[in-house]
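Have a look at the structure below before the remarks.
The values are calculated or read from the model by the stated rules, or taken from the named source; none is laboratory data. What you see is a predicted model, and the numbers here were worked out from it, not measured in a lab. Counting neighbours? That spans all protein chains shown, and the Cβs are built from the backbone with ideal geometry, glycine included. Quick note on the areas: whole protein, heavy atoms, side chains included, nothing else; ligands and nucleic acids left out. Shrake-Rupley method; radii C 1.70, N 1.55, O 1.52, S 1.80 Å.
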Amino acid sequence: MLFFTSRTFSHCPSSDFELHGHCHSFWWLMNMVILAAQVGRSRRHNDPKYSGCFECCIKCLGGIPYASLIATILLYAGVALFCGCGHEALSGTVNILQTYFEMARTAGDTLDVFTMIDIFKYVIYGIAAAFFVYGILLMVEGFFTTGAIKDLYGDFKITTCGRCVSAWFIMLTYLFMLAWLGVTAFTSLPVYMYFNLWTICRNTTLVEGANLCLDLRQFGIVTIGEEKKICTVSENFLRMCESTELNMTFHLFIVALAGAGAAVIAMVHYLMVLSANWAYVKDACRMQKYEDIKSKEEQELHDIHSTRSKERLNAYT
């Protein structure tokens, strides 16, 4: 430290006395800060309280199931995108049908397109709530599995019930993956419909005099007896193409499709994590049984040697 101070003082200018004094004060202050930092570092290394806290932090970080955490974040992101954007896209679809296609809700208990959209919205609410809880359950299972593997020789014991729970989660996650594949395929249908509508709007602006029509009966939105057709020469079609509502709804459905794909990837990730955890728990259980048998044999040998030693001592006396 003194050698460093002498070297730094040599860089201070000697022509200006006031500037020379300020320079010496600055480097003296810097040396004191460095000295205090070194003293504090040495105390932290020598103090068992700091070392115990560091070891505790390392142990806590080692018990986090990072693979399950990544899968949970991906699942929450995908479900949030699908539910949020899907709900807003369905609301935009209702506005487009009522404003530009001049459709109205059917009175009574008739199952029309608006009733179906309301049902889809309730399904979205259920999906959001269910997979929020399911992500928490999978994270808890990851923490317990990681703790069982880390603390194999501690107080926590691996039981048959724990392995059955892991196998049950594997089967349930596989079924949810198949369900999300179906949701992804179903979400691609409105993307295809809006892509056709967006293409018709684009071709109308590019080609002058083109008379193109879009009939909702082609997509099964209305029955065959109803004729809900909109053509490029109509005023409603021009207003729909010029509005931002169509473009926004189309992109919302695309984002919802991407969210469903992210949920599928999260389910596949969960399957890999759960399968690996189940295999590790199974091997750890076998290892635990081996250690128990080994300890029993060692105890029996110890008892046999003790008995023989006592018999020899009694025979000698």
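In table form, for the structure just shown:
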read-out: Protein-only accessible surface order, largest first, of K228, K289 at 1.4 Å; value: K289, K228
read-out: Pair R217, E245: separation of 7 Å Cα→Cβ label points (nm); value: 2.5
